Amino acid sequence: MAVEVLSAGGLRVDLYDAMPSVGRKFLVAGSSGLNLTHAGPLDEFLSQYGTRRLQLEPFLRAFGPDELRQWAAELGSATFVGTSGRIFPHEMKAASLLHAWRERLDAAGVTFHQNHKWTGWTDDDSLRFETPDGETAARFDATILALGGASWPQTGSTGEWVGILTGRGIPVTPLKPANCGFDVRWSGHFRQRFEGQPVKPVVLGFEDFRRQGEFVVTAYGVEGSLVYAASARVRDALEKRDQAIVRLDLAPDWTRERLIERLSRPRGSRSMSSHLKKTVGIQGVKAGLLWEFVPREDFADPEKLTDAIKSLPVPLVSPRPLEEAISAAGGIPFEALDGRLMLTALPGVFCAGEMLDWEAPTGGYLLTACFATGRAAGLGALAWLEGASHLTLEPKPI
């Protein structure tokens, strides 16, 4: 997005990517359906950015969901709003959109350099790159860094830039997993029987969070959209204590009174598992969760069993590793940047995307803010260059 803004401004632009092709994380994000952005009132949209709403709001108001949909349409990818409010291109995948985008930038004269891994600066402040042919350097009037966080490192977002920037005195909030799964100490029986099974519908509650949705049981614990939505709160809680107990309502459509009445009915010769299935429809993985966490004697007490069904405590013990997470929290704090997203300690160096210190849930919010901050960094660099008069040097070998 930054490149697009600068090339439209009539400037020569070079784009360097550490990977053999550009946009790999964008392609992975759209591998199961490219959730480009999200519909609904803008104020509700902006609320998803939590404590960083104030800093991101100007960029998102300038280039938000509506503008992103129009941008995609101009590239030949019309979009539609799904039942959950999530917005997708009709072709669902990212490949055709990325291909059209690359063609447009090629036509605009942008020079692409693949397999060029940025490793910092030389003594004369040229940009240093590792390439298959050895090291090279290039010097430009302005630099925009859009290096990602450290999730999905196989796509190029390794987080190695943190050491480079802190070495130049730039503060960086430690990177940590966002939109991530969590470890649960399942019994061997539960893990073997229910790994990979979805739990739905269910309401998950933690602190001030309460939402209905679904998640998936994994060999290590839990993951999925409902878990991701609560992940920031749970992750932060686990930084202060050994476990974080989430509460599951396994029967969100049932009142407590109705459950007690049905569970109080005589079960005769039926097993408790059969009784749960016949009277209140609790079976499979939901029944397994009850057997995993509820004392056996409580199954004989309809009120205690109802309490467990409506508020089952599940202890989460640790977030999954950062490289497995959908996104990363932490990064360069906005306090180290000016309103153009330029590093105040390094004039002429701008930053955008996930390497900035913000986070948001899945649902199109991540991509939209990456697009918006990329565009803002491009505009910021364009404005800064209006007052700059440096000589641009061609790339040269070290």
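Under Stokes-Einstein, with the Kirkwood radius over Cα pairs as Rh, the value for segment 89-195 at 25 °C and 0.890 mPa s is 136 µm²/s. Give me, ordered by chain and number, the residues 5 or more places off L15 or on other chains with an amide H under 5 Å from its own placed amide H. The list, which skips near neighbours in sequence, is T111, F112, H113. In the chain, excluding the sites themselves, the longest stretch lacking any of the trypsin sites (Lys or Arg not before Pro) that are in a DSSP loop with at most 16 other Cβ atoms within 10 Å is 13-92. A Förster radius of 25 Å, combined with the Cβ-Cβ distance separating T119 from D141, puts the computed FRET efficiency at roughly 0.75.
Taking GluC sites (Glu not before Pro) as exposed when DSSP calls them loop and at most 11 other C-beta atoms lie within 10 angstrom, the chain has its longest site-free stretch at 1-238. The distance between label points at A78 and E323 comes to 4.3 nm (points 7 Å beyond Cα on the Cα→Cβ vector). Reducing segment 107-146 and segment 243-274 to their Cα centroids gives an inter-centroid distance of 61 Å.
Within segment 135-151, whose backbone N sits under 20 Å from a point 7 Å along Cα→Cβ of T111? 135-146, by backbone N distance to the label point. Each 10 Å bin from zero up to the one holding the largest Cα-Cα distance in segment 18-124 carries the following percent of pairs: 13, 34, 34, 17, 3, 0.
Between R247 and D208, what length comes free when the chain is fully extended (0.36 nm per residue of separation minus the Cα-Cα distance, one decimal in nm)? It would help to have the intermediate numbers written out before the result.
On the way: separation 39, 0.36 × 39 = 14.04 nm, distance 1.16 nm.
Additional length available on full extension: 12.9 nm.
Working from Cα pairs under 8 Å separated by at least six residues, relative contact order for segment 77-167 is 13 percent.
Note down the Stokes-Einstein diffusion coefficient of segment 182-310 in µm²/s, whole number, using a Kirkwood radius over alpha carbon pairs, 37 °C, and 0.692 mPa s. Result for D is 212 µm²/s. What is segment 167-232 by shape, rounded, prolate or oblate, if you read a ≥ b ≥ c off the alpha carbon gyration tensor as root eigenvalues and call it rounded for a/c under 1.5, prolate for a/b larger than b/c, and oblate otherwise? Verdict is oblate for segment 167-232. Of all lysines in the structure, those lying under 23 Å Cα to Cα from K117, and not within fewer than 8 positions of it along the same chain, are K25, K176, K396.
Placing R0 at 45 angstrom, the Cβ-Cβ distance between S311 and M19 gives a FRET efficiency of 0.45 after rounding to 0.05.
Please state the shape class of the chain: rounded when a/c is under 1.5, otherwise prolate if a/b exceeds b/c and oblate if not, all from the C-alpha gyration tensor. Here the chain falls in the prolate category. Cross-link partners of K277 among lysines, defined as those whose alpha carbon lies under 21 angstrom from its own and excluding same-chain residues fewer than eight positions apart: K200, K286, K304, K310. Karplus-derived 3J(HN,Hα) values for segment 214-225, using 6.51 cos²θ - 1.76 cosθ + 1.60 with θ = phi - 60°, are 8, 9, 10, 7, 10, 4, 8, x, 9, 8, x, 4 Hz; glycine and proline are entered as x. For the chain, the relative contact order is 25 percent, taking Cα pairs closer than 8 Å that sit 6 or more residues apart in sequence and dividing their mean separation by the residue count. The GNM of the chain, with springs linking C-alpha atoms under 10 angstrom apart, assigns the highest mean-square fluctuation among S271, S318, S47 to S271.
Taken together, the values in this text are just the output of simple stated rules run on the coordinates, not laboratory data. If you're wondering where the values come from, they're calculated on a predicted model, not measured in any experiment. Neighbour counts run over all protein chains shown; Cβ positions are idealised from the backbone, glycine included.
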